[in-house]
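Encoded as structure tokens, the structure appears first; notes follow it.
Bear in mind these aren't lab numbers, they're just calculated from the coordinates by the rules spelled out. These numbers come from a predicted model, not from an experiment. Quick reminder, even Gly has a Cβ in these numbers, built from the backbone with ideal geometry, and neighbours come from all protein chains shown.
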Amino acid sequence: MGELAERLRSELDRYSPGEKLPSSRALVERFRVSPVTVSRALALLAAEGLVVTRPGAGAFRARRPAPAAPGGDTSWQEVALSADGSTDLVPRSVDASGVLVSLAAPPPGVIEFNGGYLHPSLQPERAMAAALSRAGRRPGAWGRPPMEGLPELREWFARSIGGPVTAAGVLVTSGGQSALTTALRALAPPGAPVLVESPTYPGMLAIARAAGLRPVPVPVDADGVRPALLADAFRASGARVFVCQPLFQNPTGAVLAPDRRGEVLRIARAAGAFVVEDDFVRRLVHEDAGPLPRPLAADDPDGVVVHVCSLTKATSPSFRVSALAAHGPVLERLRAIQIVDTFFVPRPLQEATLELVGAPAWPRHLRAVSAALRARRDAMTAALRLRLPGLALPHVPSGGYHLWLRLPEDTPEAALTAAALRAGVAVTPGRPYFSAEPPAGHLRLSFAAVAGAEEIAEGVRRLRAACDDVPG
Ligand SMILES: Cc1ncc(COP(=O)(O)O)c(C=O)c1O
């Protein structure tokens with residue numbers, strides 16, 4: 001986004017004061033970025049007084065030049081941040097856009113089908129507030145916690161993961177993103193390949209690339225990752241790590257089939273590799289789902305699995321408490337990296353977690369979310385079948401917060417995403433979920449971040465209008 005703002009800033013002189021700038025759609029197509037990136041870049045220039053945006057009319061060069069930014073000349077930083085003299089085989093690239101899509105608030109009036117967290121009305125706001133205030137008064141709450149986390153909290157995580165996992169094998173971490181970063185940094189040196197599902201969570205691809213790792217995609221089908229291709233990928237790449245979401249995979253919603261679970265662990269073990277299990281939405285199971293499979297870590301006596309789970313998805317993006325669980329010498333490596341990078345999770349937040357998950361409101365909250373997500377999923381699938389029968393919905397998930405749609409062959413994904421934003425609905429394009437060339441265009445539609453069924457119906461109606469607007 002900063003890069004785009006910089007490009008636009010440098011081109012502003014081409015326009016006379018008051019002149020209209022190219023449309024958001026034209027900018028999306030020209031710079032090959034998402035509509036959200038364009039709207040944030042324009043917002044940045046507007047905040048600097050260089051551009052004026054008028055809803056419905058577009059963006060215009062400001063009439064009066066803004067006063068020069070305070071401070072000195074920071075242009076030297078462009079050289080410093082790019083002139084990398086290292087001989088790394090895999091250049092590091094730091095790009096937060098894939099993550100920001102599900103974190104950034106859309107422009108006012110736009111329906112948020114691209115959110116990655118629960119709508120405030122579904123968050124346990126009162127229970128979290130009560131937990132935090134009780135936590136702040138607990139004896140020692142503001143002192144230093146043990147580096148690995150509070151023993152009772154490690155115990156709670158170990159119990160909820162199950163199997164051979166014990167409190168001694170759990171580290172309390174600061175959200176799934178940070179736990180995944182710790183795991184990848186601990187397990188793979190810069191330049192190493194890391195096997196990833198295809199498609200997969202762009203935030204994890206961003207972590208890998210920022211650590212100088214080389215993501216190698218392994219295709220996923222309706223039953224999760226395909227074991228024969230996983231074995232091939234280990235052989236071809238020599239990777240020592242595979243990152244997997246066995247439950248309600250992001251974005252496909254697939255659950256790793258029972259007969260593949262043992263196979264995946266055996267293949268990784270034979271390759272001398274770790275499986276990073278990102279169990280990110282176990283608590284967002286829908287009301288009508290059958291019994292859930294255990295985490296892979298619960299069936300792994302040999303320490304193949306490094307397990308990641310987080311509480312943010314079932315609470316709020318700000319409730320950044322998660323866990324890493326592992327078994328064997330790798331635990332010490334994870335612990336060391338976590339301490340070097342972040343020290344520890346603030347003790348009041350750990351105490352608040354214990355208060356929250358121990359309160360009677362917690363199971364009630366999880367049941368309510370489970371029912372609401374099922375109703376929203378059904379509302380969205382029904383609206384899509386009614387208004388957009390041409391979009392393929394290969395799998396209706398029984399957990400998680402989104403649907404994954406395949407676009408007809410000739411529908412341009414970027415143009416449709418831009419048209420949707422113009423029509424008043426923000427959707428997530430499929431491209432960032434693929435670490436190599438995607439087999440088809442896709443959209444991911446989230447039903448958790450909107451206010452309810454009415455907004456879902458209206459969002460799908462707007463998406464239909466956008467589809468009508470796009471050639472293909
Ligand atoms: C698959 C997956 N893993 C991990 C995360 C990180 O979430 P958090 O850091 O909020 O726990 C996300 C967030 O969208 C995700 O989709």
**Study point:** DSSP-assigned coil residues among trypsin sites (Lys or Arg not before Pro) in the range 1-61, each with at most 11 further Cβ atoms within 10 Å
**Key:** Arg32
Practice item. Grab the other residues whose beta carbon is less than 15 angstrom from that of Thr200, score K and R as +1, D and E as -1, and report the net. Key: -1
Point to revise | Cα long-axis angle, helix 453-469 against the chain (0 to 90 degrees, to the nearest 10) | key: 50 degrees
**Study point:** Gain in span if fully extended, Asp341 to Ser23, counting 0.36 nm per residue against the direct Cα distance
**Key:** 110.3 nm
Check your understanding: Once both axes come from the Cα atoms, what is the angle between helix 125-136 and the longest principal axis of the chain, in degrees from 0 to 90, rounded to 10?
Key -> 60 degrees
Revision key, fill the gap. Nearest-0.05 FRET efficiency for Asp288 and Ala105 at R0 = 35 Å, using Cβ-Cβ distance, is 0.70
Check your understanding: Against the longest principal axis of the chain, how steep is helix 347-358, in degrees 0 to 90 to the nearest 10, with axes from Cα atoms?
Key -> 70 degrees
**Study point:** FRET efficiency, Gln77 to Ala451 (Cβ-Cβ, R0 41 Å, nearest 0.05)
**Key:** 0.50
Point to revise | Radius of gyration and Dmax over the Cα atoms of the range 163-273, both given in Å | key: 13.8, 37
Point to revise | Among Pro146, Val52, Ala383 - extreme Cα towards positive end, dipole of the chain, charges at beta-carbon | key: Val52
Point to revise | Spin-label model distance (nm) - Val94 vs Glu332, 7 Å beyond Cα toward Cβ | key: 3.1 nm
Review point. What order do you get for Ser198, Ser75 when you list them from fewest to most C-beta neighbours inside 10 Å?
Key: Ser75, Ser198
Practice item. Would you give the gap between the C-alpha center of the range 97-152 and the C-alpha center of the range 258-281, rounded to a whole Å? Key: 30 Å
Practice item. Based on the mean of other Cβ atoms within 10 Å per residue, sort peptides 203-212, 302-311 so the most packed one is first. Key: 302-311, 203-212
Review point. Semi-axes of the chain's equivalent ellipsoid from the Cα gyration tensor, sqrt of 5 times each eigenvalue, largest first, rounded to whole Å?
Key: 36, 27, 25
Review point. Once you sort the root eigenvalues of the Cα gyration tensor of the range 246-331 as a ≥ b ≥ c, which label holds: rounded (a/c under 1.5), prolate (a/b larger than b/c) or oblate (the other case)?
Key: oblate
Review point. Rounded to a whole number, what is D in µm²/s for the range 387-472 from Stokes-Einstein with the Kirkwood radius over alpha-carbon pairs (20 °C, 1.002 mPa s)?
Key: 161 µm²/s
Practice item. Using only the Cα atoms of the range 230-289, build the gyration tensor, take square roots of its eigenvalues as a ≥ b ≥ c, and label the shape rounded, prolate or oblate: rounded if a/c is under 1.5, else prolate if a/b is larger than b/c, else oblate. Key: prolate
Practice item. Counting only C-alpha contacts under 8 Å and six or more residues apart, can you give the relative contact order of the chain as a whole percent? Key: 20 percent
Check your understanding: Please state the relative contact order of the range 250-315 as a whole percent: Cα pairs under 8 Å, 6+ residues apart?
Key -> 41 percent
Revision key, fill the gap. Contact order relative to length for the range 266-361, counting C-alpha pairs under 8 Å separated by 6 or more residues, stands in percent at 22 percent
Point to revise | Label-point gap, in nm, between Thr166 and Ala130 - each point 7 angstrom along Cα→Cβ | key: 3.5 nm
Review point. Taking the range 260-328, which GluC sites (Glu not before Pro) meet the DSSP loop condition and have no more than 15 other C-beta atoms within 10 Å?
Key: Glu287
